[in-house]
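> I have a structure here, written as structure tokens, and I will follow up with some questions on it.
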Amino acid sequence: MGKIIVDTSGLYAVADRRDPHHAKAARFLRAQSEPGSLLISNHVFDELMTLIKRRLGAPAALQMGMRLRNSRLVEMVVFTQAEEMATWRIFQKYHDKDWSYTDCACLALAQQRDVWEAFTFDHHFQQMGLVNAVNAFGSSWG
């Protein structure tokens, strides 16, 4: 398996045991073994930390943040000015879609790195043409 774009919804499902996708997300994450295969942008990291802190509390957010930052599986991608401009162009171009700015950042990263699989439960990624990497583990978009 190659590189995978990681979305907030995939990681949030891992963090929240009450999330309906928790078991699938945790099983998927445990099956990963290739160093640097999970691409997490600074946009997704920001969104995830904010969401976990708000819903599950600061200790849960700090724990997840440290796990991600220390994981050999994760490549943290801090966007350059060029990647920010690419994100903005996508956000402007697809204003008719209900994609968040962070979703657009994921698409910009996918295009830049030529990666078309995503760890997500957000149907917007299917609209973008990305393949749900969790499908290999018996899940579906949703």
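We did not get these values from a lab; they are worked out from the coordinates using the rules stated. All values derive from a computational prediction rather than experimental measurement. Cβ coordinates were reconstructed from backbone atoms using ideal geometry, including for glycine residues, and neighbour counts include every protein chain displayed.
> Exposure proxy check: MET85, MET128, MET76 ranked by fewest other beta carbons within 10 Å?
On the way: MET85 12, MET128 21, MET76 15.
Least crowded to most crowded, the residues run MET85, MET76, MET128.
> In what sequence do HIS95, HIS21, HIS43 fall when counting other Cβ within 10 Å, fewest first?
Values: HIS95 8, HIS21 19, HIS43 24.
Starting with the residue having the fewest Cβ neighbours, the order is HIS95, HIS21, HIS43.
> 5 Å is the cut-off here: which amide hydrogens, built 1.01 Å from N in the peptide plane, fall below it relative to TRP99, excluding neighbours closer than 5 in sequence?
none
> Answer with a single label: of [x] 36, 25, 11; [y] 30, 18, 14; [z] 22, 17, 16, which was calculated as semi-axes √(5λ) of the Cα gyration tensor in Å from the structure in view?
Label of the calculated value: [z].
> Now for a separate question. On a full-extension model of 0.36 nm per residue, what is the gain between HIS123 and SER33, subtracting their alpha-carbon distance, rounded to one decimal in nm? If you can, show how the numbers build up before the last one.
On the way: separation 90, 0.36 × 90 = 32.40 nm, distance 2.55 nm.
Taking HIS123 through SER33 to full extension adds about 29.8 nm, to one decimal.
> Follow-up question, since we're still on this one. When a footprinting reagent is the concern and you count Cβ atoms within 10 Å, what order do ASP103, ASP122, ASP96, ASP46 take, fewest first?
Details: ASP103 27, ASP122 22, ASP96 6, ASP46 13.
The most exposed by this proxy come first: ASP96, ASP46, ASP122, ASP103.
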